[in-house]
Structure formats: structure tokens, C-alpha cells
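For reference, the structure discussed in these notes is given below.
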Amino acid sequence: MPNRRAPVCAASSASAIALACISAIAGCAADERGAVAVTISGQSFALTGWPAQDGGETVAFDDGWTVRWDEIVVAVSDFTLADRDGALSGLDAPPILIDLTKIDASTLEADLWRFEDVPAQRWPNVGYAVVRPEAGTRAAGEVSDEAIEAMRDAGASMYFRGWADADGDDETQADRYSFAWAIPRWTLTSGCQNGADQTDGLIVEPNQVNEAEITFHLDHLFWDNHDAEAPRLLFEPLAAASAMRAEALGEDDDRHVTLEDLEYQDLTDLLDRQGQELRLDGDRIVYRPRAGAQLPKGTLAEYLVDAALSTGHFNGEGHCQYDLQD
Amino acid sequence: MTRRLSTLVLAISSLASACDAGTGGALVDIEIELAADPPQNAPTAATSDRFETRLGWQVVLEEAKLALGPAFVWAPEQARAQQRFGFVSVARAHGGYDPFSGRRVRIELAEQVVLDALAAQPVSLGSVTAEAGPVDTAAVQLDPPRRQAAIETHDHHVWLRGTAERDGQQVTFAGGVDIEDDGLLRRVNGIAARFEIVASGTLTLAVTPSLWVDDIRFERLRDEDGDGVADLHPDTQPYDAVFLGVSDPGAYRVDFRAPD
């Protein structure tokens, strides 16, 4: 099966071309107002897993694994619009729990908040939080009690549960692994780029509903390299961790991959399920975390937690700054 | 001492002033120096060249050099130099995203230098023109060595030579590591650097070379040519461990010392 991915352009570290301040928007619209409708999406991959069709291409894991989701539960809050001086627009966005796998397949998005009477201007600093749900946190749609309990037990802001199979959707399930990851930290995002037009933040146009989408890029969880232009999607080292922990503890491999299992994979010496150096097409695989990630123990568990908490984007491909919290 | 004029800082200042009044600082002269640090929280006495790794190897480094530069020290996020109000439609690369693109640069080391990670004392690079004000992060670029740097690092991004001993096994090693030109692999982002730049201060850019070798499994090094020295070869754990070590922002320290 061909492993295709949307084409990418060359990464650039150079700053974007700047224009003079668009004072017309900031000044003349001072008395005008618009509405902002905030939605959330896990894209089609939250519903399909991988391999999947995306824009006419097949997107698949580079090591041939199939990955499917049972639940992807996140708690988001505090959608924020701020101007360049840090002044906030005064939105009230209480926490909402949602299972991204339950989002309507025809729209791929679900409603979170709607704000009326927002000053019409450019708000260059857009942010939100991915938080730990508390008792009474409202659920948008169906969210399982088991997921909520797992998140509360772990102090988690995100919960991923699913299965993966080295032999595809094989009915024998001979190479089937399950996984469940309650991500035990939370994150503040800020300075989000608008993926719709590659500018900073959001322009609130007067007298209309302006759309803002929190977009979760779930493939980040499985990337091998956050600094490369075309990272690979891999599951092999995650599956291998299950056996590694079992062997270390003198237990049978339960083929259920947890964050505790991933503590046994050293990022400087990743192994496959045969206990050999992790290789793909003969090349040794080296995982590289996203810029600025702090991974003091250098384990695959830390790597995945950091990746999970940086899956949130804005209006599609818009990247944000991530401030991970304990 | 030589003066290095940081033209990029001047360009950013003039560009930003039209849009960012209040966040641009005065241009000031500061000194830059390079330094090497011993490992932190070492269980036994350690220096930058003699230490124990986390895998229990006693390492003595005889050479450790890094081709480094340019380097940048960024103002906080709020002081963006270039607001993305432009409408140049750029298809964003999904991987290799630079989270610091567009941030205001307050200090730039524009040239490539060789950092001797075993230098006993800091080495002055002279003075540069910087922008006064707060900063919160730094980055270094690790490009292929040029000119004098290439000589000192044997044409590699980083060059190491030394010995490692554990449980009676001794390994003498030497070799270089190179970093692919792919996305941001050659950029070390997210180096902590929270301070205020003032005139006549000194910026220190330091490395902790023990972190370059901390995860090497020396037992996997091989002396393939029988000269008594095991070489660092690509596509091996020791080689990749060094790559991850020099790419780790935690292996760098950026500090600022205000004048007395």
C-alpha cells in the first residue's frame, strides 16, 4: 500500500515578510462588533485512524502498522483573543470535554463556544488551554465514564485509547496491540497562527459570525521526528515497549501499551519487538522531539506526552506556542 | 578584541519600530564569550573533560569541539518583530515548523565559531551590537564547518576524542558527527535564556560536553582498522547518541552578566 502524505514545502526559519501595521482594521472598526464561533476537530484521522484516504491520497504508517481509535477525549477551555499589548477580549470559555471520535463525519467539527459582541479587529494572539477536567465539566456529546475516570485518576487533560495491528485489519488479531494513554499534564497554547491565511491570530469581521477551529493533529503522536520536513509515522517502538516492560518485570506481555511501558524505551537506543535496534528499510531510527521540548529522562513516554500536548493547532495548519504545565 | 556589527539586529529594529512601538530597545554594545561547563549534579567530582556518564562509563575527553553559529537570543513572544499580517500564502511544512520564526532578535552571533568544549577559561569573541531589553530563549545553528572551523573539527559538525572505562573495559574513541540538512535538524531551539540585556554586559554561551556523550553505549564502538581507536560511525547508537546530545537544548547555557 503506497504511503503517501500531503506534499510539504521546504521548512524555513526565516521570518515572514512584514507589512506595515494594518491600522485600518484596528482603528476604524473600534465601535463595530462581530461574533466568534469556536469549534473543535480531530480531522478525519480521529474517525478513521490509519491507513486512511486524505485528499485523494493514502496516508499510512511507514512501518506498515494499522492504528484505529476507540476514544480520543480532550478537555479544552479558555479560548482567548488578545491584542498586541496583551489586552484580552474578555471571552468566557469554560471547560468542555469532548470525544473527537464521536464528531459528525460529515462536518468533522463540533461546536464549543459562541461569543457575541466581540470588537471587530485583528486579534493577533489567539490561545486556548487543554486542561484537566473537573467534576461538573460539561461534556459536548457522548464521553464515556471510563474515559473521564481514567483522566481524573491520572490527572490527565487528554485520553487516547485504541488498537494497532502489524498485520492491518487482520481478523486473526495475531499481531494486535491495544493502547490507552492518559496524558498526565496540561498545556496553554498561545500565539496561534491562523491556518486559513497564515497570519497571526484572528480577524473578527463586523456584523458576521467569524469561525475559529481548534484543530488536533493526531499524527503528531506517532511522528519520529518533529524537526524533519517529512516525519515518519511509526508504531513499532510503542508495541516493543510492552514486551520490554514485561520482560523487565518478569511478566507475560499483555500487548496493552501504556505510558508506563513507554518508559522502557530509551530514545537514544530504540528497539523493535525482536529486541533489535529499531530500523526501517535498513536505516536506524532516531526520534527527535519538537523544538523546545524538555525530556529529562529521554524516554519514549516523555516524547509521546510532549507530542500529545502539542497536537493542538488553529484553523487547520496554524501552529501555536505551547507552554506545558505539570 | 574585534567588533562585530550585527546588521540583522539593526534591520529588525528598524522594521519593527513602525509596528511595535514600545517593545524595541536601544542599541547597546555587549561582549560575547564562549565557555564549557562541567556536568550538573555529578555524583563525584567532575570537570568538563572528566566525568561519569549516566551509563556508568568514566570518560576522559581529550578533544571536544563544535562548529557553532549563528546564534540568536530572542525577545519574548509579545515583542514580535514581524507581525504576520502579510498575505503571502505559504504552504506550511507540517514537520520542521520553527516556533521562533518572526520573533524579535535582540542578540545575534552572526558568524560561525569553533567552541572548544574543554577550554579551561571562557574565550572572548569580542563585542557585538545588541538590543537592550528582556529575552526569554536562545537558539544556535549547527551548520557544516567552514574554513578554520573545518580544520579544528576535522570537517565534522562536532569532533570528539577520548577514553571511556567501565568495569575494566576501556575504549579509546575518536570521531565526528554530522547533522543532516533536513528541516530544522541543524537548529537547537528552546535554550533557556531569561534575562535583561543592558549596555556593557557580557553574554556567555556555554556547553556541557558530558551531555554529548552521556548516552553513548561505548561497548558498541568498534576499532575496525586496528589502530587502537574506535571510530564513530553513522547509523550506530554511539553516533546517534552524540547527535541527540548536541541537539539537546539542555546541553547549552546562555547567561548574561551585567557590568559591575
*Unmet criterion (only one of (1) over 19 Å from B:Arg104 (Cα atoms); (2) within 14 Å of chain A (Cβ to nearest Cβ)) for B:Arg187*: (1)
*Unmet criterion (only one of (1) modelled with pLDDT under 85; (2) surrounded by 18 or more Cβ atoms within 10 Å (Cβ to Cβ); (3) more than 12 Å from chain B (Cβ to nearest Cβ)) for A:Ser15*: (3)
*Go through A:Ala135, A:Ala120, A:Ala147, A:Ala156 for me and flag whichever is out of contact with any Leu (no Cβ under 9 Å at 6 or more places or on another chain), under 19 Å from A:Val305 (Cβ atoms) and not β-branched (Val, Ile, Thr).*
A:Ala156
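Hey, among A:Leu324, A:Leu270, which residue is more than 9 Å from chain B (Cβ to nearest Cβ) and at pLDDT 95 or above? If you could, list the steps in order and put the result at the bottom.
On the way: A:Leu324 fails: at pLDDT 95 or above.
Selected residue: A:Leu270, the only one of A:Leu324, A:Leu270 that is more than 9 Å from chain B (Cβ to nearest Cβ) and at pLDDT 95 or above.
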_All positions within segment B:248-260 that are crowded, with 22+ Cβ neighbours inside 10 Å and farther than 20 Å from B:Ile32 by Cβ_ = B:Asp248
*asked:* Of everything in segment A:188-247, what is within 12 Å of another protein chain (Cβ to nearest Cβ) and touching a helix residue (DSSP H, G or I) at 6+ places or on another chain (Cβ under 6 Å)? Give them in sequence order.
replied: A:Gly191, A:His220, A:Leu233
*Hey, can you tell me all the residues within segment A:279-290 that are surrounded by fewer than 22 Cβ atoms within 10 Å (Cβ to Cβ) and touching a strand residue (DSSP E or B) at 6+ places or on another chain (Cβ under 7 Å)?*
A:Arg284, A:Ile285
*For the subset of segment A:248-267 comprising residues that are out of contact with any Lys or Arg (no Cβ under 8 Å at 6 or more places or on another chain) and surrounded by 21 or more Cβ atoms within 10 Å (Cβ to Cβ), which member is nearest to the other protein chains (Cβ to nearest Cβ)?*
A:Leu267
*Could you tell me whether any residue of segment B:149-168 is closer than 30 Å to B:Asp29 by Cα, in contact (Cβ under 8 Å) with a residue 12 or more places away in the chain, more than 12 Å from every other protein chain (Cβ to nearest Cβ) and of a type in the set (D, E, K, R)?*
yes
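Would you confirm whether or not segment A:268-284 contains a residue that is under 21 Å from the mean Cα position of the chain (by Cα) and not in a loop (DSSP other than H, G, I, E, B)?
At the first step, the residues of segment A:268-284 found to be under 21 Å from the mean Cα position of the chain (by Cα) are none.
No, that holds for no residue.
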*Out of segment B:120-179, which residues are touching a Pro at 6+ places or on another chain (Cβ under 6 Å) and over 30 Å from B:Glu196 (Cα atoms)?*
B:Thr153
*Take the residues in segment A:117-143 that are over 20 Å from the mean Cα position of the chain (by Cα) and polar (S, T, N, Q), then tell me which one is farthest from the other protein chains (Cβ to nearest Cβ).*
A:Thr137
*Out of A:Ala180, A:Ala212, A:Ala129, A:Ala174, sole residue that is under 30 Å from A:Ser242 (Cα atoms) and in contact with a Phe, Trp or Tyr (Cβ under 9 Å, 6 or more places away or on another chain)*: A:Ala180
*Of everything in segment A:285-312 that's assigned to a strand (DSSP E or B) and more than 10 Å from every other protein chain (Cβ to nearest Cβ), which residue is nearest to B:Thr236 (Cα to Cα)?*
A:Thr299
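The values are calculated or read from the model by the stated rules, or taken from the named source; none is laboratory data. Just so we're clear, the structure is a prediction, and the values are computed from it rather than from any experiment. Heads up, the Cβs are rebuilt from the backbone with ideal geometry, glycines too, and the neighbour counts pull from every protein chain shown.
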